[in-house]
Every structure is written in structure tokens, then in C-alpha cells.
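Here the structure comes first, spelled out in C-alpha cells, and everything after it is commentary.
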Amino acid sequence: MQILTSDFQDQLVRGLSHRMNNILSLFHGYLGLLMDDQKLDPVARQGLQKIKDGARAATDLMERTNSLARPSSSVWREMSLAEMFRQLRPTFENSCPPRVHIEIECTDDLPRVWVDASRVRLALTELVRNACEAAKSRVTIRVTANEGRVQGELFHAESEQPEHWLNISITDDGAGIPMDSAEKIYTPFYTTKRNQHSAGLGLTVACGCAQQLGGKLHHSSSPGETTFELTLPSRIAQELSAVA
């Protein structure tokens with residue numbers, strides 16, 4: 001799926017996110033004051049806690065929606081994915097239920113990437129969270145180097161396709177994606193999860209990040225195994241382009 005946005009859409013998303021966050025800040029502030037009252041009735045406190053949880057969920061939803069807009073400013077730099085995974089492991093583990101074990105296979109000798117680090121972190125966080133929610137007992141993250149043309153159309157189709165890539169595959173041992181949902185999973189707010197709090201934005205956000213990073217996201221699924229693969233141009237590709 002290719003996610004394309006216009007300047008108008010970007011301005012609309014950013015403006016709506018800004019306005020909504022201002023409103024939600026009022027909720028958080030006044031709820032905090034009310035819940036600090038030690039004489040508050042327990043039933044009222046329970047009700048306020050539900051409102052607070054809802055406001056927190058709404059804030060998270062607006063932040064994820066805002067990430068679909070093209071970034072107004074990006075900081076691109078060279079970085080090691082192995083180091084990034086070491087930093088993100090606690091975040092991944094906190095997002096997983098206790099029954100799920102995360103295994104990361106990423107060696108230090110892999111080529112470095114030239115990316116907007118915040119976009120990579122966001123894409124990986126969304127993909128791992130999605131895998132953890134679907135997994136029965138295991139999520140495996142594997143990073144490999146690849147030389148050669150990547151099959152399928154790149155999101156940045158106007159640029160020449162580099163021949164050096166890093167592939168980040170995230171595999172879970174869940175039930176798999178139903179065949180009738182395979183073409184819809186990147187659609188905003190579409191979800192197959194029974195969790196009522198699932199916003200249906202995780203894969204949409206990850207797909208948008210892949211586009212903004214000049215890479216691609218694709219998946220394969222069968223009963224008992226689903227893999228999402230995020231493909232990013234490696235630092236080698238940037239160096240070869242500079243020499244040319």
C-alpha cells in the first residue's frame with residue numbers, strides 16, 4: 001500500500017492534533033487536581049480514573065495520527081541498527097504481555113543506515129507492538145543485509161532504486177492474518193483485534209514511516225506465522241550515490 005499525502009492534508013492533521021492536544025491538556029490538568037483530593041468519594045475517584053484513561057488514550061491516538069503527516073523537519077544521521085535495538089529492547093519488552101518472549105538477531109557488523117532516527121523508532125515500535133499483540137509466545141526480530149533490487153514498487157518511486165539494503169523482519173507465532181483482511185490491514189482504523197482499545201493505526205503509521213524513510217514495508221502470513229519486513233537503504237547506498 002502506498003500512502004500519499006498532500007500539503008493540505010498535512011496541515012489539517014497537524015492543526016487538528018495541535019487543537020486536540022490543547023483540549024486534552026485541560027482534561028489532564030483538571031483531572032489531576034480533582035484526584036488529588038484525599039476526601040474524594042471512591043466511586044467518584046473510579047469514574048475520574050476512567051475519564052483519565054480515556055484522555056490518555058485520546059492523546060496517544062492524536063500523536064499517532066500526527067505521525068502520518070510528513071514531518072515538518074527531519075534530522076537524518078548515520079546510525080547502527082544494533083545500537084538502536086539495544087536501546088529499544090526495554091520498550092519492546094514493556095509492550096509485550098508476560099507470555100511473549102522477544103528475540104533480537106542483529107549483529108554489530110551490519111552496514112549502518114542513513115535515516116531519520118525518530119521515524120525508524122516509531123515504525124519499529126508500532127510493528128513490534130502489533131506482533132506482540134498477535135503472538136502466542138514468541139516474537140523474533142532479525143536484521144540482515146541484502147544486495148540487489150528489491151521486489152515490488154518503492155514508495156519513493158521517483159528516485160533510482162539503490163542496490164544495498166537492510167531488511168528488518170518481525171515475526172510472530174500467532175494465528176496469522178485472515179485472507180479477507182490481507183488487503184485492508186494498512187487502512188487507517190482497520191483492525192482485526194478484539195481489543196476494544198486497538199485504534200487500528202499501528203500498521204498505517206509503520207507504512208507511512210517506511211515511505212518517509214525511502215524504503216518499503218511488506219508482509220507474509222500463514223497460520224502460525226506472520227512476518228512484516230521493513231526494508232531500508234543502507235549507508236553503503238548513500239556512499240555509492242555520493243561517489244556517482
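What is the Cα centroid distance between the range 163-180 and the range 82-109, reported in whole angstrom?
16 Å
Name the lysines eligible as straight-distance cross-link partners of K184: C-alpha to C-alpha under 16 Å, and not fewer than 8 places from it in the same chain.
Leaving aside lysines fewer than 8 places away in the same chain, those within reach of K184 are K193.
Which lysines have a Cα lying under 19 Å from the Cα of K39, excluding residues fewer than 8 positions away in the same chain?
K50, K52
Can you work out the Karplus-derived ³J(HN,Hα) for every residue in the range 118-123? Use 6.51 cos²θ - 1.76 cosθ + 1.60 with θ = phi - 60°, whole Hz, and x for glycine or proline.
With the stated coefficients, the range 118-123 comes to 5, 5, 5, 4, 5, 4 Hz.
For the pair A175/R19, report the inter-label distance in nm, with labels modelled 7 Å from Cα in the Cβ direction.
3.9 nm
Set the Förster distance to 35 Å, then compute FRET efficiency between R86 and R56 from the Cβ-Cβ distance, nearest 0.05.
Given R0 = 35 Å and the Cβ-Cβ separation, E is 0.80.
Considering only I23, A44, L33, whose Cα is most displaced toward the positive end of the charge dipole of the range 7-66, charges sitting on Cβ of Lys, Arg (+1) and Asp, Glu (-1)?
A44
Using a cut-off of under 17 Å, list every residue of the range 201-229 whose amide N is near the label point 7 Å from the Cα of K184 along the Cα-to-beta-carbon line.
201-204
FYI, it's all coordinate maths here, none of it is from the lab. Everything quoted here is computed from the prediction, not taken from an experiment. Counting neighbours? That spans all protein chains shown, and the Cβs are built from the backbone with ideal geometry, glycine included.
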